[in-house]
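Peer 1: This is the structure I have questions about; it appears just below.
Values quoted throughout were computed directly from the atomic coordinates according to the rules given, and no laboratory measurement underlies them. This is a predicted model, so every value here is computed, not measured. Note that we place each Cβ from the backbone using ideal geometry, even for glycine, and neighbour counts take in every protein chain shown.
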Amino acid sequence: MRLEDYWGIGPKTSELLTAELGVERAVEAIESADVRALVDAGLHRGRATRILRRANGEAGMGVLATGDTREVYDDLLTLAAGYALTEHAADRIRVLTPSLDRDAIEARLEEVVAARDAWRSLDDDARERVVGAFTAYDEAGGTDRAAVETAIALREVGLTGGTFDALSGLDDDALREAADALGNVRGSLGDDDVEVAPGADDELDRLRERLAAAEELADSAFDVLETVRDGSLRDFEALEAATVDHVATETGVDPATVRAAAPDDALDAADFVSATLRGLVDELSAAVDDREATVAADLRDRIGDAGGDVDRAVEVVSDVAVDLSLGRFAAEYDLVRPRLVEDGLAVRNARSPFVDDPVQPVSYAVGTHSLAGDAGVSNAESPPTGDRVSVLTGANSGGKTTLLETLCAVTLLASMGLPVPAEEAEVGSFDRIVFHRRHASFNAGVLESTLRSVVPPLVEEGRTLMLVDEFEAITEPGRAADLLNGLVDLTVDRGALGVYVTHLAEDLSPLPETARIDGIFAEGLTNDLELRVDYQPRFGTVGKSTPEFIVSRLVANATDRSVRGGFEHLAAAVGEEAVQRTLSDARWTPEDDRSADD
């Protein structure tokens, strides 16, 4: 396959990868989602990630139908990658993509949930040992020895069986012996040109030291000649003897070995010294090679029957790092396995993974589901079943956009075979997720680009989930209501599911039978004058924006008497009695701010 056949690889990138990796190795890196190999070859990490996502999940990337959907997808993977145990695991997580293969999704869910449960079963000490083992593995560059030592550490804390079945049946004693042997080599014992590490064999170390000394002398043969040449030397034989003694002293090689390396037919003193040193270097190099081969063979013998276990450890540790990293992420966010259904989206006590605790869990649903009337869900929080579209209304800062984002995150996580942030969830199969945030620009260009973004995916074949926020922000309210009515009707007609956020519920025409209006309500101000909101939508009810709460806070926070008077004038416009009641509930009086006026 040509490199340019892959998405995102043009002639320049192809030339770079070919020069740095070769075509075969580059293709292997792309097919195995090896981000590190592409980055080391010179690609920016972000670009390498995008190329590998397309190469390994082209069909699934079509699920990300809008820029806002892609942003949530990127944020989720960044969040998950933050819990990776190795750099390679982080790279593998970043290239996960939604899948349209239900069997593949179920298989990954099985693995990640098992890894989550395994991580939860470890105490703090065991977790530190696992993290330390993978850190050492990473720092060592994923060598065979590091893989074996990591496998031993995983087995010692009890991570065997189930998703870690590949580690079961390994012989710990044999692995430890193999780890010691592997510690004495650079690279892999399977390499033909294996290099035995210093300290593995005393004799090999001595030979290497002598070779290094001989090479240093050979590089400065003229200086050696000047050292051994002396005015008292009257003949060539005396110079030969002095040379042999000097070289033997400087290298630690016995004089007989030096003499054996000396030439019998040197042309002059310089030739004799130079040839002697070259011959000694050749002889010592051969001796080092022979001894290194002998030691390497001995190390291979020490591994013995553990060879198969070593190969297995090397093969599986990298994959285990990915599974356990995702399990760690799932445990940290208390993620649960969703039920995969054909149609519908429903969550009970879902939480946004992007909002810091404390978070009020929210139950919500569109489409057909089985969460309605579940034990543990109050009637007020039990989502209706069967409605294809909901129109979500309510207070400013009431969490409407966060709810859309949470539904988008739940659906994306499930589509990647990852558990979701909810106590319970049912997630359908979607070919496209259209998430569109509110954009605070009021002009025809924004309106046109928004409609171009949300309508084409809706009318394509397949299942679509629409999550659209506040159309009134991009055109005048009357026209926005007309557009929203049209989108709701089109969503129902196309058999899609949708949640549309708006403040214009009362301006809408009668909705289709399978659509409903839900509301989020602000309940007042806290003693700290923060807006108190019940983020759980009330089904079949129009939410209220309750501007009196906002005006109440402005009145309370005003530090200038005249400014406060202006806000009090607005309070009369929105309902002075309601404002005063709000301030009373918040236990605030004008005297609270007297010091500011003074």
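Peer 1: Over the range 339-539, one equal point on each Cα, no solvent: what is log10 I(q)/I(0) by the Debye formula at q = 0.11 Å⁻¹?
Peer 2: -0.48
Peer 1: Residue farthest toward the positive end of the dipole of the chain, with Cβ of Lys/Arg at +1 and Asp/Glu at -1: which of Gly399, Leu17, Ser274?
Peer 2: Gly399
Peer 1: Another question about this same structure. Of all DSSP beta bridges in the chain, what percent run antiparallel (nearest 5)?
Peer 2: Of all bridge pairs located within the chain, approximately 45 percent are antiparallel.
Peer 1: 5 Å is the cut-off here: which amide hydrogens, built 1.01 Å from N in the peptide plane, fall below it relative to Val501, excluding neighbours closer than 5 in sequence?
Peer 2: Those lying under 5 Å, H to H, from Val501 are Leu392, Val468, Asp469, Glu470.
Peer 1: Next question. Which FRET efficiency value, to the nearest 0.05, is calculated for Asp103 and Ser32 with the Förster distance at 30 angstrom and r the Cβ-Cβ distance? Walk me through the numbers before you get to the answer.
Peer 2: Numbers: r = 21 Å, r/R0 = 0.71.
For R0 = 30 Å, the calculated efficiency reads 0.90.
Peer 1: Can you give the Kirkwood hydrodynamic radius for the range 1-61, in Å, rounded to one decimal and based on Cα pairs? Don't skip to the end; give the middle numbers.
Peer 2: Numbers: mean 1/r = 0.0898 Å⁻¹.
Across the range 1-61, the inverse of the average 1/r is 11.1 Å.
Peer 1: Would you calculate a helix-derived [θ] at 222 nm for the chain, using -39,500 (n - 2.57) for each DSSP H run of n ≥ 4 and dividing by the full residue count, to the nearest 500?
Peer 2: Calculated at 222 nm, the ellipticity per residue is -17500 deg cm²/dmol.
Peer 1: Please list, in chain and number order, the residues 5+ apart from Val533 or on another chain whose amide H is under 5 Å from its amide H, with Hs placed from the backbone.
Peer 2: Glu523
Peer 1: Roughly how many debye, to the nearest 20, is the charge dipole of the range 1-61 about its Cα centre, given +1 on each Lys and Arg Cβ, -1 on each Asp and Glu Cβ, and no other charges? Can you show the working numbers first?
Peer 2: Values: 9 positive and 10 negative charges, 67 e Å.
My answer is approximately 320 debye.
Peer 1: Then there is this: What are the residues whose amide H is under 5 Å from the amide H of Arg516, where those residues sit 5 or more places off or on another chain and H is modelled from the backbone?
Peer 2: Excluding prolines and chain starts, which carry no amide H, the hits are Val389, Ser390, Val391.
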